[in-house]
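For reference, the structure discussed in these notes is given below.
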Amino acid sequence: MKVMVTGGAGYIGSVVTEELLRGGDEVVVYDSLYKGHREAVVEGASFVKGDLLDTELLRGTLIQHKVEAVVHMAADSLVGESVKAPAKYYRNNVLGGLSLLDAMREAEVKYLVFSSTAAVYGEPAKQPIEESDPTQPTNPYGETKLAFERALRWYDGAYGLRFVSLRYFNAAGATERCGERHSPETHLIPLVLQAAVGQLPEVTVFGDDYPTPDGTCVRDYIHVVDLAQAHVRALHALAEGHESAIYNLGCGGEGYSVKQVIDCARRVTGRDIPVRKGPRRPGDPAVLIASSARIMRELGWSPTHQKLDAIVESAWRFMQNKR
Ligand code: UFG
């Protein structure tokens, strides 16, 4: 298939591009490079520098490259920032998304895979979280992702747009070439590895009085390659006639606490990692674990790197190569 990946110069987008190319699909990356990196665009993919709000450029790109399907990953994605600057999130995540849908309608592109998030659930009603559980975002990031996801259902009914929305839990890990390079970095695993090499003096544990076994927050970490493979499956399922769907994407199980992640990174790196206790970070749910039973059942997807050690090892190798 000919696929356009918005946000393909970002962390997850670059790995999705790698997986699509590996499977024989053709890829055009569309990215503003506002957060992404030109050198993260995988060799073999075409590249167009553009903004999501530029509907004309999007439409021209879709037509020129004869695009058949879109993977839409370009978005602002920092929870804390979204609370301080909701206008930016509504503009880029909602208006930008709708601009893409307009361009797709004009260019008659019918298939879309969307990067959604566990943040649509807010404080979850139960664990593991299922797709049918209530969606009550507690920040504009989750709210804007949910707003776009809900629009997709109506566009399907009215315009025949077929979509798969993937609600990611905690994406982590790396491939040989592609890994996390956020600026500023806010995610736990890269921060812990930065502390291991002395780029950060210490890791701050955000709260150790949660109702969890060791008092720190528990998350469902999923290897970015497993995540990317789910996109490829979703795209091909749509092309084969699969109806629109929403899926959680995580590894399930018990998840890992912040303390377990730090201990794992100590094992993997063999380095000391200084830690400091800090207050809770506003808006952090105690536990977020996915039930991914629906995507396993319907698309036959399952994660192949479920152990945290394998995920952290891959992120560590990526960091060592970059230094
Ligand atoms: N944490 C720390 N110290 C740090 C950084 C993080 O203790 O310096 C903790 C957080 O409090 C949280 C856990 O480590 O409990 C994981 O934090 P991340 O920031 O790595 O990831 P989040 O779970 O906050 O966020 C992820 C995605 C978001 C998405 C969210 C869903 O990165 O995009 O899951 O709720 F919105």
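Please treat every number below as a calculation from the coordinates, not as lab data. Quick caveat: nothing in here was measured; it's all calculated off a predicted structure. Don't worry about glycine lacking a Cβ; one is built from the backbone with ideal geometry, like all the others, and counts go over all protein chains shown.
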- Regarding the range 1-61, what whole-number volume in Å³ per residue does the convex hull of its Cα atoms give? 65 Å³
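For the range 279-323, what is the Kirkwood hydrodynamic radius in Å, using each pair of distinct C-alpha atoms?
13.8 Å
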- Item | Long-range lysine pairs (8 or more apart or interchain), the range 77-226, Cα under 27 Å | 4
- Note on the structure: The base-10 log of I(q)/I(0) that the Debye equation returns for the range 175-323 at q = 0.12, 0.14 Å⁻¹, one scatterer per C-alpha, is -0.57, -0.75
- Taking Lys145, Lys84 and counting other beta carbon atoms within 10 angstrom, the fewest-first order is Lys84, Lys145
- Task: Using per-residue counts of other Cβ atoms within 10 Å, averaged over each peptide, order 168-181, 287-300 from highest down.
- Result: 168-181, 287-300
- Theoretical ellipticity at 222 nm over the chain - DSSP helices of four or more residues, -39500 (n - 2.57) apiece, nearest 500: -11500 deg cm²/dmol
- Item | Rounded, prolate or oblate (a/c below 1.5 giving rounded, otherwise prolate when a/b exceeds b/c) for the range 115-182 by Cα gyration tensor | oblate
- Message: What's the whole-number percent of alpha carbon pairs in the range 83-128 lying beyond 16 angstrom?
- Response: 57 percent
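Test of understanding: ordering Val113, Val275 by Cβ neighbours within 10 Å, fewest first, what list do you get?
Neighbour counts put them in this order, fewest first: Val275, Val113.
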- For the range 212-261, what class follows from the C-alpha gyration tensor (a ≥ b ≥ c being the square roots of its eigenvalues): rounded when a/c is under 1.5, otherwise prolate if a/b is larger than b/c, else oblate? prolate
- What's the local net charge at Arg281, with K and R +1, D and E -1, over the other residues with C-beta under 15 Å away? -1
- Which ordering of Ser46, Ser116, Ser132, Ser99 is given by a fewest-first count of other beta-carbon atoms within 10 Å? Ser132, Ser46, Ser99, Ser116
- Message: Based on C-alpha coordinates, I'd like the Rg and Dmax of the chain, in Å.
- Response: 18.9, 57
